[in-house]
Amino acid sequence: MLFVHLIVTVVRLARPGGLRSVVAESVLVKHQLRILNRGRKRAPNLRAADRILAGLCTLFMRPARILRSAIVLKPSTLLHLHNVLMKRKYRMLFSPPRRRRPGPKGPNKELIDAVVEMKRRNPNWGCPRIAQQITLAFGVEIDKDVVRRNLSLYYRPESDSEGPSWLTFLGHMKDSLWSCDLFRCESATLRTHWVLVVMDQFTRRVIGFAQRHR
């Protein structure tokens with residue numbers, strides 16, 4: 001009986017899959033858990049012995065079980081990968097098909113700061129006058145369209161202090177004020193979902209909720 005049991009065990013270990021596949025998968029999973037416990041604050045570094053042991057275990061496993069046994073991935077790694085794929089998706093959708101030819105360089109940072117500071121000290125001045133004053137003060141020829149583009153990018157007018165603030169206005173109107181928000185979510189398969197939420201500001205109750213996927 002012992003000899004028969006030995007023959008049966010050898011046959012189970014020798015045939016494809018079977019008991020040796022289970023043993024190899026168990027060893028691989030336990031070794032990966034040891035690797036994860038090795039470094040808590042950062043991604044674990046695989047040593048040569050780890051790679052050799054993982055390679056030997058995969059020789060005795062079925063191909064379908066190899067993918068299910070790979071757990072040396074932290075949730076932060078998967079979220080970072082999903083974020084990178086999402087950014088790449090929108091970059092490919094909205095980027096121009098051809099690269100733009102290199103054009104003339106814009107004004108340097110000192111000139112931009114001078115334009116913004118002149119507009120801040122003289123809010124009533126227009127783009128032609130600012131360009132004229134820059135030319136007279138610094139001797140640098142600058143077009144009014146360049147001044148307009150720089151002001152639209154870097155100049156933010158100071159908010160008027162007269163009248164109630166938005167916080168005071170919302171505090172007075174919170175009993176009868178609804179707020180709506182439209183935002184975009186990305187699924188695990190990089191499918192875009194647009195979500196619209198309407199909420200009452202006083203009771204914090206969701207009035208309406210709708211979504212649409214593309």
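Using the Cβ of R184 as centre and a radius below 14 Å, the other residues enclosed give a net charge of +3, where K and R count +1 and D and E count -1.
Just to make sure I understand: if all protein chains stay in place, what is the order of I7, I66, I35, I52 by accessible area at 1.4 Å, largest first? Kindly include the intermediate steps, with their values, before the conclusion.
Details: I7 80, I66 55, I35 5, I52 110 Å².
I get I52, I7, I66, I35, largest accessible area first.
Here the spin labels are modelled as points 7 Å beyond Cα on the Cα-Cβ line, and at K144 and W194 they lie 3.9 nm apart. 3J(HN,Hα) along segment 184-201: 10, 10, 10, 7, 5, 9, 6, 9, 7, 10, 9, 10, 10, 10, 10, 9, 7, 6 Hz, from the Karplus curve 6.51 cos²θ - 1.76 cosθ + 1.60 with θ = phi - 60°, whole Hz, x for Gly and Pro.
Under a 5 Å amide H cut-off, with hydrogens placed 1.01 Å from N, L177 pairs with Q201, F202 among residues at least 5 apart or on other chains.
The values are calculated or read from the model by the stated rules, or taken from the named source; none is laboratory data. The shown structure was predicted, so the numbers you read here are calculated from the model rather than taken from an experiment. Positions of Cβ are generated from backbone atoms using ideal geometry, with glycine treated the same way; all protein chains shown enter the neighbour counts. For the accessible areas, the whole protein counts, side chains as well, though only heavy atoms, and no ligand, DNA or RNA atoms are used. Shrake-Rupley method; radii C 1.70, N 1.55, O 1.52, S 1.80 Å.
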